[in-house]
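The values are calculated or read from the model by the stated rules, or taken from the named source; none is laboratory data. Note that the structure is a prediction, hence the values are computed from the model and not measured. Cβ placement follows ideal geometry from the backbone for every residue including glycine, while neighbour counts extend to all protein chains displayed. These area figures cover heavy atoms from the full protein model, side chains too; ligands, DNA and RNA do not enter into them. Shrake-Rupley method; radii C 1.70, N 1.55, O 1.52, S 1.80 Å.
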Amino acid sequence: MLEFKGTSTGLFWKGSPRMIAFDEAGIQEKIDNINEPIYVVRDFSGRVGMTNEGAVESTGPGLELLMLREPMLPEQLGDPSFRRDYGLRYAYKTGAMANGIASEDLVIAMGQSGLLGSFGAAGLVPKRVLAAIEKIQAALPTQAYAFNLIHSPNEPALEAGSVELFLKHGVKVVEASAFLGLTANIVHYRVAGLSTAPDGRIIIQNKVIAKVSRKEVAARFMQPAPQKFLDELLAAGKITSQQASLAIRVPMADDITVEADSGGHTDNRPLVALLPSITRLRDELQAEHQFAQPIRIGAAGGISTPESALGAFMMGAAYIVTGSVNQACVEAGTSEHVRQLLATVAATDVMMAPASDMFEMGVELQVLKRGTLFGPRAKKLYDYYKHYNSIDEIPAAEREKLEKQIFKKPLEEIWQGCIDFFNERDPAQIERAKDNPKRKMALIFRWYLGLSSNWANAGTMDRKSDMQIWCGPSMGSFNDWVKGTDLEQYQHRKAADIAERIMIGAARLWRKRELQGRLEGL
């Protein structure tokens, strides 16, 4: 039985008693009906119940109205300006899983549902990215979408080429990820989209959503572009003098996604510590620069259930971003085997392993350890890289193990594959390795690290034990949440439907928490 704490409203509820629920199941149904108001009333026998119907008046006769709560819609969660600027229903976004795992179909499905999806352009050659641009733009002529721009310190030509492609073909939103600091490329994209309206307002045509996990990186995106990059771009004729002057009045990003413990590139930071810290940094820099539109702070990493979504919104997140859970959806650009495997994992079935794109720097990413040996094998390769200066220094017995157990090919054949790969992608990589045996060794090891993701996406079953599957603990949490429902079967998982269920679930939880403060037994 419900008990009410505190003073009542002094108003009266009028309607049929049949509208009121007093039992647990009936009360839960009223709470879940988030499109309608909640009236908490006390009948003449002293029982406390709930209804979504009726009328409120200041005079009796009628039942005592204890509480009134307006509808609680998922549209109310997060920052309304995020929804307005991108034309969205919810303050919700799907992240850009690399190598096209965040596929065209996923982005299109999100856009057609009034949500924001980001295409996983990282790791793809320009021809493949261009095909994705054309397909998404054709399917979403007016809806918002984003493309990933990943920092590529070992392949600067690839990063620059992506920016040129986005500018040429009118991609208006990029999700900037894995940046260690600003580069001329991201500054070029941002500043090349600046102009002024007739009333003097600055128009920011090229929006940047920066994904960060460190304060020092966040600070770079929360301030105007560095003058050295503006001078460089101006001298190269890539921006105009007007754009250079406007750039000092806007931040480098419209939105900052705080990335906590996620799949892929991650620092494994807890969201409860990281989000408030970066939000305070935003407030400090906003007070200093007084930007016309303050930067919004979103949350990512570990978000896969209504509870985690609501927790992020309650901490002040302007929007939320999901990642790992979308990889198990039917629209994801991965294999049936991977989807099936992800639907069985627990939160503890993940580990850190070396990243292909930043291998030499020792950067790691979070991957699935269940059903694959990629993680331990990738760590072994990095151990070799640290201890030896060339492939030839590796003891013969160890080299033989590498060729038979991991590469399954002679290392000379692998090196020829590297030459063919980088001649299409970034020929300078091969040039830099010609007289640098350690660099050559790194490229050979990166051959395995890079292709391991492709084997997962393609479902190459003779490489089942070598599949690199990016995954965070949120996948296990999601599987726990959907157990016993239709979503337990991976074949039923669709990204937009999952977004809807998470947001509606978060709104219902919000309403329940509101009521619990003054009702016992709820």
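Taking residues in region 337-361 that are farther than 22 Å from MET441 by Cα, and partners anywhere that are modelled with pLDDT of 95 or more and among the acidic types (Asp, Glu), the pairs with Cβ atoms closer than 9 Å and at least 6 places apart or on different chains are ALA343/GLU488; ALA346/ASP480; ALA347/ASP480.
Counting only helices (runs of 4 or more DSSP H) that fall entirely inside region 371-489 and contain at least 2 residues that are under 30 Å from LYS127 (Cβ atoms), open to solvent by less than 60 Å² (accessible area, probe 1.4 Å) and not β-branched (Val, Ile, Thr), the qualifying elements are 374-387, 411-425, 428-433, 437-458.
Does ARG493 qualify as being of a type outside the set (Asp, Glu) and open to solvent by 10 Å² or more (accessible area, probe 1.4 Å)? In short, no. Of all residues in region 33-52, none satisfies being closer than 30 Å to ILE209 by Cα and without any contact (Cβ under 8 Å) to a residue 24 or more places away in the chain. Criterion first (buried (at least 18 other Cβ atoms within 10 Å of the Cβ) and among the β-branched types (Val, Ile, Thr)) does ILE248 satisfy it? Considered against the rule, which asks whether it is buried (at least 18 other Cβ atoms within 10 Å of the Cβ) and among the β-branched types (Val, Ile, Thr), ILE248 comes out as no.
The residue list ILE278, ILE256, ILE239, ILE204 contains one member that is touching a His at 6+ places or on another chain (Cβ under 8 Å) and crowded, with 20+ Cβ neighbours inside 10 Å, which is ILE239. Among residues of region 413-436 that are free of Cβ contacts under 8 Å to residues at least 40 places away in the same chain, those with a Cβ under 7 angstrom from a residue that is of a type in the set (S, T, N, Q), sequence gap 6+ or separate chain, pair up as PHE422/GLN429; ILE430/ASN423.
Matching residues to (1) within 24 Å of LYS512 (Cα to Cα); (2) assigned to a helix (DSSP H, G or I):
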| residue | (1), (2) |
| --- | --- |
| ALA273 | no, yes |
| ALA287 | no, yes |
| PRO294 | no, no |
| SER308 | yes, yes |
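Just need a number here: residues in region 142-187 that are in contact (Cβ under 8 Å) with a residue 60 or more places away in the chain, within 19 Å of PRO224 (Cβ to Cβ) and of a type outside the set (Gly, Ala, Ser). Qualifying residue count for the region: 3. Every condition in (1) over 21 Å from MET475 (Cβ atoms); (2) free of Cβ contacts under 8 Å to residues at least 24 places away in the same chain holds for SER390 except the one numbered (2).
Of the strands (runs of 3 or more DSSP E) lying entirely inside region 165-261, the ones with 1 or more residues being of a type outside the set (A, V, I, L, M, F, W, C) are found at 173-177, 194-196, 207-212, 255-259. When region 93-119 is filtered for residues that are within 13 Å of ILE150 (Cβ to Cβ), touching an Asp or Glu at 6+ places or on another chain (Cβ under 8 Å) and open to solvent by 10 Å² or more (accessible area, probe 1.4 Å), only ALA96 remains. Of the residues making up region 154-168, those that are acidic (Asp, Glu) and either open to solvent by less than 30 Å² (accessible area, probe 1.4 Å) or over 12 Å from HIS188 (Cβ atoms) (or both) are GLU155, GLU159. Based on this model, can you work out whether GLU134 counts as among the charged types (D, E, K, R) and either within 22 Å of the chain's Cα centre (by Cα) or open to solvent by 30 Å² or more (accessible area, probe 1.4 Å) (or both)? Spelling it out, GLU134 is indeed among the charged types (D, E, K, R) and either within 22 Å of the chain's Cα centre (by Cα) or open to solvent by 30 Å² or more (accessible area, probe 1.4 Å) (or both).
Tallying residues that are over 22 Å from the mean Cα position of the chain (by Cα) and outside any helix (DSSP H, G or I) within region 490-514 yields 0. Of everything in region 1-60, what is of a type in the set (Phe, Trp, Tyr) and open to solvent by 80 Å² or more (accessible area, probe 1.4 Å)? Give them in sequence order. Correct list: PHE44 only. Within region 452-470, residues that are without any contact (Cβ under 8 Å) to a residue 40 or more places away in the chain and closer than 18 Å to ALA328 by Cα sit with their Cβ atoms under 7 Å from residues that are open to solvent by less than 40 Å² (accessible area, probe 1.4 Å) and assigned to a helix (DSSP H, G or I), at 6+ positions apart or across chains, in these pairs: TRP455/ARG463; TRP455/ASP466.
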